[in-house]
1. Can you find a residue that is within 16 Å of ligand 1 (Cβ to nearest atom) and either at negative phi or of a type outside the set (Ser, Thr, Tyr) (or both) anywhere in the stretch 6-26?
2. Determine which single condition residue 156 fails, assuming it passes every other condition in (1) surrounded by fewer than 17 Cβ atoms within 10 Å (Cβ to Cβ); (2) among the aromatic types (Phe, Trp, Tyr); (3) within 15 Å of ligand 2 (Cβ to nearest atom).
3. Would you mind stating whether residue 117 is within 16 Å of ligand 1 (Cβ to nearest atom) and free of Cβ contacts under 8 Å to residues at least 60 places away in the same chain?
4. Among the candidates 39, 44, single out the residue that is under 21 Å from residue 163 (Cα atoms) and not hydrophobic (A, V, I, L, M, F, W, C).
5. Would you mind listing the helices (runs of 4 or more DSSP H) fully within the stretch 1-113 where at least 3 residues are surrounded by 17 or more Cβ atoms within 10 Å (Cβ to Cβ) and not acidic (Asp, Glu)?
6. Can you work out which of the residues in the stretch 129-143 that are surrounded by fewer than 16 Cβ atoms within 10 Å (Cβ to Cβ) and β-branched (Val, Ile, Thr) is nearest to residue 66 (Cα to Cα)?
7. Taking the stretch 81-96, which residues are free of Cβ contacts under 8 Å to residues at least 60 places away in the same chain and either touching a Gly at 6+ places or on another chain (Cβ under 8 Å) or among the hydroxyl-bearing types (Ser, Thr, Tyr) (or both)?
8. Please verify whether residue 120 is closer than 16 Å to residue 38 by Cα and assigned to a loop (DSSP other than H, G, I, E, B), treating the condition exactly as stated.
Amino acid sequence: MPTRASSSGILSEEKASEREELVELLKKAYWMEIETVMSYIANSINPDGVRAQEIIESLQEDIEEELGHAKQFAARIKELYGVVPGSLEFAAVQSYLQPPEHQTDIVHVIKGVIEAETGAIEHYNRIIEFTDGRDFVTQDMVIAILHDEEGHRRLFEGYLREYEVEGLA
Ligand SMILES: [Fe+2]
Ligand SMILES: [Fe+2]
């Protein structure tokens, strides 16, 4: 027989420390999304050249999706009795998505996007594992977000393949 506490799951008093741990994982995810929005805005505007157009349009679409992810993570932090952090807590890590030396260097952008998406995929898999059997609502949300990131990465892997075939990457 499940106790009353276990039946109320991750929101119960007994689960406070697990919940705090989860909120920290979600805060990291939130910052990853916010930084990705910043990086994708810059990299959807900076590139020059005919071949940049596909990348630009792709990133413009992704910006909206990543912003949506950030909002979902923020909302879940609150639902778990956490507080969405203020901007002073932000620390940038995406060294690989800084503007390239030459704005026609599309391969640099493509590789940077793949690295960002890979980082998200790794972190979200970790959250999915942490929430397994503990918090199915967060797990369900993060599985859907993970699906988006896998799609983003696959798309950019395809772009990279084109440059690799031509010996440009
Ligand atoms: Fe995202
Ligand atoms: Fe993404």
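Read the figures in this text as sums done on the coordinates, not as results from a lab. Keep in mind that this is a model prediction, so the values were computed, not measured. Positions of Cβ are backbone-derived with ideal geometry, glycine not excepted, and every protein chain shown enters the neighbour counts.
1. Within the stretch 6-26, the first condition is being within 16 Å of ligand 1 (Cβ to nearest atom), and the residues that meet it are 25-26.
Checking the rest, the ones that are also either at negative phi or of a type outside the set (Ser, Thr, Tyr) (or both) come to 25-26.
Checking the stretch 6-26: at least one residue is within 16 Å of ligand 1 (Cβ to nearest atom) and either at negative phi or of a type outside the set (Ser, Thr, Tyr) (or both).
2. (1)
3. Values: within 16 Å of ligand 1 (Cβ to nearest atom): yes; free of Cβ contacts under 8 Å to residues at least 60 places away in the same chain: yes.
Taking the combined requirement at face value, the residue satisfies it.
4. Working: 39 fails: under 21 Å from residue 163 (Cα atoms).
Every option except 44 fails the conditions.
5. Qualifying helices (runs of 4 or more DSSP H): 16-45, 52-79.
6. Restricting to residues being surrounded by fewer than 16 Cβ atoms within 10 Å (Cβ to Cβ) and β-branched (Val, Ile, Thr), the top hit is 143.
7. Within the stretch 81-96, 87, 94, 95, 96 qualify.
8. Spelling it out, it is not the case that residue 120 is closer than 16 Å to residue 38 by Cα and assigned to a loop (DSSP other than H, G, I, E, B).
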